[in-house]
Amino acid sequence: MKIEVNEKVHLSPIREDDKRAFVEYLNDEETSKRLLYPPFPYLAKHADEFVAKVAAKTEREGQPVVWAIRDVDDRLIGACGFDDLEIGKSHRAEIGYWLARPFWGQGIMPAVVTKLCEHAFEHLEVVKVVAHIFVFNDQAGRVLEKCGFVAEGYLYAHYKKDGRFHDSKAFGLVKPGVVS
């Protein structure tokens, strides 16, 4: 399954041969510190675990819910997808996304997030997409706002990463036409 985003990028399933790119890009401290879950440093074993987890989730759901963000040459430059989603059972899904630092500031993520939310509303039976970001990650907040997300709250000490507690902001986007 391939989802065309624009002339720069597309989304496709995570592959075994993506592991090296995960390790390379997620070992960037500037990228890692903005993400809720991946550890730093990011090791080959973390990539192995992630790819296996995604494969199991895809099999369970019958279709991908996590994708690689790929450039025109089909190279992985980031990833995106939904956590907390069981197709046909959940009405809500939490979106997560990251982009390798060399590709920041090119308008890629707003296009990816918009397309991914459209896909969730049209094909995954999702009515609401939520997102949580660290409070210091203004870039992620701007991406969400550009995509129509609304800030819904401030969560104190909501995440623990690398031994430290972090506050987060909650955002939400409801499928058009659901709420009047």
Out of Pro64, Pro102, Pro41, any idea which swings most in a Gaussian network model of the chain, alpha carbons joined below 10 Å?
-> Pro102
Sequence-separation-based contact order of the range 109-180, relative, with Cα cut under 8 Å and 6+ spacing, percent | 36 percent
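Averaged per residue, what accessible surface does the chain expose to a 1.4 Å probe, in Å²?
Numbers: 9620 Å² over 180 residues.
Each residue of the chain exposes 53 Å² on average to a 1.4 Å probe.
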Which length gain, in nm to one decimal place, applies between Glu7 and Lys160 when the Cα-Cα distance is subtracted from 0.36 nm times their residue separation?
-> 51.4 nm
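Would you kindly give the portion of the calculated P(r) for the chain that falls above 22 Å, as a percent of all Cα pairs? Show your work: numbers first, answer last.
Values: 7097 of 16110 pairs.
Roughly 44 percent, once rounded to a whole number.
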Output the peptides 17-24, 127-134 sorted from most to least packed, where packing is the average of other Cβ atoms within 10 Å over each peptide's residues.
-> 127-134, 17-24
Carbon-plus-sulfur fraction of the accessible area of the chain, 1.4 Å probe, in percent?
-> 51 percent
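The values are calculated or read from the model by the stated rules, or taken from the named source; none is laboratory data. Model, not experiment: these values are computed from the prediction. For neighbour counting, all protein chains shown are included, and Cβ atoms are generated from backbone atoms with ideal geometry for every residue, glycine included. The protein model used for the area step is the full one, side chains on, heavy atoms only, and it has no ligands, DNA or RNA in it. Shrake-Rupley method; radii C 1.70, N 1.55, O 1.52, S 1.80 Å.
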